[in-house]
Amino acid sequence: MKFDTLIIGGGLAGLVCGIYLQKHGQRCVIVSSGQSALHFSSGSFDLLNYLPDGTPVERPFEVIGALKQQSPRHPYAKLGEDRFKELSNCVVDFLAEAGVQVVGNPEQNHYRVTPMGTLKPTWLTFKEQVVCEQEDKLPWKKIALFNITGFLDFYSRFIIDEFQRLGTECVLHEISFPAVEGLRQNPTEMRSVNIARLFDKQENLDELVRALKTVETDCEVIVLPAIAGLSRDNVLTYLEERVNKKVCLLPTLPPSVPGIRAQQQMRKAFERLGGVYMLGDTVLKADREGNSVVRVYSYNHGDIPFMMKNVVLATGSYFSQGLIAVPDKVYEPVLNLDVDFIANRKEWYDMNVFAPQAYEAFGVKTDDDFRGISQGQVLDNVYVIGSILEGFNAIKQGCGAGVSILSALYVAKRILSK
Amino acid sequence: MKQDTKKPFDVIIIGGGATGAGTARDCSRRGLNVLLVERFDIATGATGRNHGLLHSGARYAVTDKESAEECIKENMILRKIASHCVEETDGLFLTLPEDDINYQSKFVDACLQARIRAEVIDPKEALRLEPAANPSIIGAVRVPDGAVDPFRLTSSNIMDAKEHGATILTYHEVLEFLREQNRIIGIKVLNHRTKEIQEYYAPVVVNAGGIWGHNLAKLAGVNINMLPAKGALLIFGHRVNNIVLNRCRKPADADILVPGDTICLIGTTSSKVPFEEIDNMQVTPEEVDLLLREGEKLSPLLAQTRILRAYAGVRPLVASDNDPSGRSVSRGIVLLDHAVRDGLEGFVTITGGKLMTYRLMAEWTTDLVCKKLNVNVKCDTAEEKLPGSREEESEITKKIISIPKTQRNATIGRHGDRAERLANNTSLDNSLVCECEEVSVGEVKYALNELDVHNLVDLRRRTRVGMGTCQGELCACRAAGLMTSMHKYCTRRAKEDLASFLNERWKGMAPIAWGDTLRESEYTTWVYESICGLTLSQKQEE
């Protein structure tokens, strides 16, 4: 199997990289072992919310210099200020072409609403979801909030309280109808994706319309948990046209319906461009010649190797098993690349779960071109992107999606310019 | 709260561990008006931080005959009165090639002398009974060990006490003893939830504070020389063994592997710790390594089994009164009548002992309290079954047959015959809050309404929410949502509570956070911090 580029990992980073390369004439394959972080999405992509020292960031473009000083090996530091700006400016259009509609501006963070009703800064938010320009104010004065009776992964009580605190009146409506009751017969079924599957069917969507129509006339907007539009397009437009109101979504606890949809859209875009997406396969080992990886073997393909000019490693962090922690070390299991970690396990953790944890910033070492390093030697054709990278704490700095997207775009361009 | 402060109590019991709860049960069954105060929740000290081993007494047979005899008697009683808290697994004492096989006959003799059934079996037979045992064993003895759930046991004792009129105040800390000359006449307590200070009076006050009883005694003006002994344990993510595994040698570190519910536990280490540390026990990497090394000798499967948590309890070892150096300690029951010992009337301390003998300790204490109060009623706690253990499982099953099977079995496992409270569950109530442990909305509601739940950690103790492999990944948030919707607390407190619940879970995970445990932690952090926006400040506001 010969390809220009083999991408290991089919999450946000892998897909962005694959789509870009494919669009510019390369022949790519993505090998994905299953779910990615997109399945647990907040409904937004963060670029940079805090500097490593904890300083809040409102305007990401203005702080890349400071970031570089605090964390010289941060992926954004490796990109440098100019490239950081150039790449992040083109993301909205890039994603739109890939079928993912987002709003936002890298020069100025906006605010998203969490499933608990609080506002958090972010960069891009799925177009169907609530977006706020200010951190202490919602764009509406009166909201009708709907939830499915007994759906435990959406916290209407929390949301109402928080919204009230921000000066917005919020009235809760709980809805149920026969199809929902059917779901309830099995105690584990009342979860976001299962509900969303119901609303992919016309008759259930119309039940929803009927329920939404009962709302008071003086509310400005109807807000629903993100449980519609899994595989159906333009669900919100459909609803809005029928109830004559603006309709918005709020994220739920995982799994994330909009996140799964985005993953599906991007995969389709990649395949439409001619890319090969191998789902449910796992890369096992690689053969090297000198400083290049020349053949890669996977579980499903046995001794038939992938042969390619470039390898992009986008296998994610611990959860996705891009990084593996054992009692005395952290390693990268696919290509055995060098990992930046602290040897003494005691120093991996802080006993306060909300404090920065050292382990969160461990990751695969690269040179400034995001090329992987093996036993101190930079590899010529192995690039590393996304949350597996060293030098940043995605959760504390609020930069996980940004690092994935920007490192993916940078590496794609770098490969094309070879 | 319905306390009649004017009517004095007959007895005040300080401490909501197994001993305090057992004493409250015994006293109230004998007709006394009981008040029990506990600083945190029930079973939060040593009671909730041990193996959950229903000792046959075999472990002590060689070294401490008296304890061994007490254990086997109580073992048989608990099987009867607390059947829903007990699992009759039996135990094996294994001799490894590195152990002295001659110890086995000495061990069996001592067991038989203490009237503990001890049967030497062929190692092959032992491996057939327990395939998880180390295949290289050269000897095995079968004894009537078992597993006991200390949370459930304590909770049932509390339930029975309440049903006999006892007042139970959790989150109430003793600030001061009220005295009249040489007599303790009551206590001054701080209600941690409302921050109110109140006084309660009774002619007898019982100190059942476990290791914390050391400082309570000091507060009352008497001196008991206790030594805090830390014991660390590891919980594994699934049940490797079905029979308790012990080493057939003199008791040492990490030589007991106990199955319980869906998990198993290896422990313990044993080390003296200073009193300053007893409120914040942390398991060190060295202890983890030791537990794993020794545990794998009992069952090599542990090497491939995911560790869920590490935790440590503090045993109260009591120095003999005639040995101020503290070297000669007793693991036996210590009941001190401070009137006789120190000339302080109205104050009794019960300490030492072990979970296994909590009922006997309660009986002795209640006998003494009754003697002081001139009450002459016989103890019936060895015969009367605890709430939850009074009906056959088949009977309870009939009552709640409409609940889906796995959920039904889990609920009966946790609440015994009290599971009938869920008989009127609707399909909304059957919805699962916690998939790992099959905890339903209905069960959470029952716990919130009837079992003195004030926060998520209390809820966890009563329902196992958040105790499965995911350690509270999604269920904690759902449970907080339910508590809010049932107006248990406001949303601001819910967030603080959620933050402290997660911190409590993390404390047990950090010492073993690698492999899948670290994956899970990373994911949990992602869900709560990134998606939900829960932050450090919520924790600090507390």
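Quick notes on this structure:
- Test set (1) under 18 Å from B:Trp514 (Cα atoms); (2) at pLDDT 95 or above; (3) not polar (S, T, N, Q) - B:Gly237 fails condition number: (2)
- Restricting region B:360-399 to residues that are of a type in the set (Gly, Ala, Ser) and within 12 Å of B:Asp26 (Cβ to Cβ), the residue that is surrounded by the most Cβ atoms within 10 Å (Cβ to Cβ): B:Ala362
- Any hit, region A:370-383, residues being within 13 Å of chain B (Cβ to nearest Cβ) and not aromatic (Phe, Trp, Tyr): no
- Residue count for region A:387-409 under the criterion of being buried (at least 24 other Cβ atoms within 10 Å of the Cβ) and more than 14 Å from chain B (Cβ to nearest Cβ): the result is 6.
- Search result, residues across region A:181-194 that are touching a helix residue (DSSP H, G or I) at 6+ places or on another chain (Cβ under 7 Å) and either modelled with pLDDT under 90 or within 13 Å of chain B (Cβ to nearest Cβ) (or both): A:Leu183, A:Arg184, A:Gln185, A:Pro187, A:Glu189, A:Met190, A:Ser192, A:Asn194
- Among the candidates A:Arg272, A:Arg261, residue that is under 22 Å from A:Arg232 (Cα atoms), away from chain B (no Cβ under 14 Å) and buried (at least 23 other Cβ atoms within 10 Å of the Cβ): A:Arg261
- Listed here are the helices (runs of 4 or more DSSP H) enclosed by region B:460-542 that have at least 2 residues being more than 26 Å from A:Gly398 (Cβ to Cβ) and within 7 Å of chain A (Cβ to nearest Cβ): B:475-485.
- Check on B:Arg421, touching a Phe, Trp or Tyr at 6+ places or on another chain (Cβ under 7 Å) and without any contact (Cβ under 8 Å) to a residue 60 or more places away in the chain: yes
- Of all residues in region B:394-446 being among the charged types (D, E, K, R) and facing chain A (nearest Cβ under 10 Å), the one that is farthest from the chain's Cα centre (by Cα): B:Asp429
- Some residue of region A:20-35 being modelled with pLDDT of 95 or more, among the small types (Gly, Ala, Ser) and at positive phi: yes
- Where helices (runs of 4 or more DSSP H) fall wholly inside region B:51-118, the ranges with 3 or more residues that are at pLDDT 95 or above are B:65-81, B:102-113.
- Filtering region B:462-493 to residues that are among the basic types (Lys, Arg) and within 18 Å of B:Met509 (Cβ to Cβ) leaves only B:Arg464.
- Test: residue in region A:321-341 that is farther than 30 Å from B:Lys507 by Cβ and of a type in the set (Asp, Glu): yes
- Within the option set B:Ala229, B:Ala140, B:Ala133, being outside any loop (DSSP other than H, G, I, E, B) and surrounded by 23 or more Cβ atoms within 10 Å (Cβ to Cβ) holds for one residue only, B:Ala140.
- Region A:105-119: number of residues that are of a type outside the set (Phe, Trp, Tyr), more than 9 Å from chain B (Cβ to nearest Cβ) and surrounded by fewer than 22 Cβ atoms within 10 Å (Cβ to Cβ): 4
- Hits in region A:1-36 - residues which are small (Gly, Ala, Ser), more than 18 Å from A:Leu409 (Cα to Cα) and within 14 Å of chain B (Cβ to nearest Cβ): A:Ser33, A:Gly34, A:Ser36
- The set of residues in region A:223-262 that are in contact with a Lys or Arg (Cβ under 7 Å, 6 or more places away or on another chain) and either closer than 15 Å to A:Lys127 by Cβ or at pLDDT 95 or above (or both) comprises A:Gly229, A:Glu240.
- Picking from residues in region A:301-332 that are β-branched (Val, Ile, Thr) and surrounded by fewer than 23 Cβ atoms within 10 Å (Cβ to Cβ), the one that is farthest from A:Gln22 (Cα to Cα) is A:Val326.
- Only a single criterion out of (1) surrounded by 15 or more Cβ atoms within 10 Å (Cβ to Cβ); (2) closer than 14 Å to B:Gly313 by Cα is not satisfied by B:Phe275, namely (1).
- Residue within region A:376-384 that is on the phi < 0 side of the Ramachandran plot and under 21 Å from the mean Cα position of the chain (by Cα) present: yes
- Members of region A:65-112 found to be touching a strand residue (DSSP E or B) at 6+ places or on another chain (Cβ under 9 Å) and charged (D, E, K, R), listed by number: A:Arg73, A:Lys78, A:Arg112
- Restricted to region B:70-124, and to residues there that are of a type in the set (Phe, Trp, Tyr) and crowded, with 23+ Cβ neighbours inside 10 Å, the residue that is nearest to B:Asp145 (Cα to Cα) is B:Phe93.
- Qualifying positions in region A:123-144 - within 14 Å of chain B (Cβ to nearest Cβ) and surrounded by fewer than 23 Cβ atoms within 10 Å (Cβ to Cβ): A:Gln129, A:Val130, A:Cys132, A:Glu135
- Restricting attention to region A:152-173, the residues that are facing chain B (nearest Cβ under 9 Å), part of a loop (DSSP other than H, G, I, E, B) and free of Cβ contacts under 8 Å to residues at least 40 places away in the same chain add up to 1.
- Number of residues in region A:313-347 that are facing chain B (nearest Cβ under 7 Å), farther than 20 Å from A:Gly372 by Cβ and not charged (D, E, K, R): the value is 3.
- Residue count for region A:55-98 under the criterion of being of a type outside the set (Phe, Trp, Tyr), in contact (Cβ under 8 Å) with a residue 60 or more places away in the chain and under 17 Å from A:Asn109 (Cα atoms): the result is 8.
The values are calculated or read from the model by the stated rules, or taken from the named source; none is laboratory data. Fair warning: this is a prediction, and the values are worked out from it, not measured in the lab. Methodologically, a virtual Cβ is constructed for each residue, glycine included, from the backbone with ideal geometry; neighbour enumeration extends over all protein chains shown.
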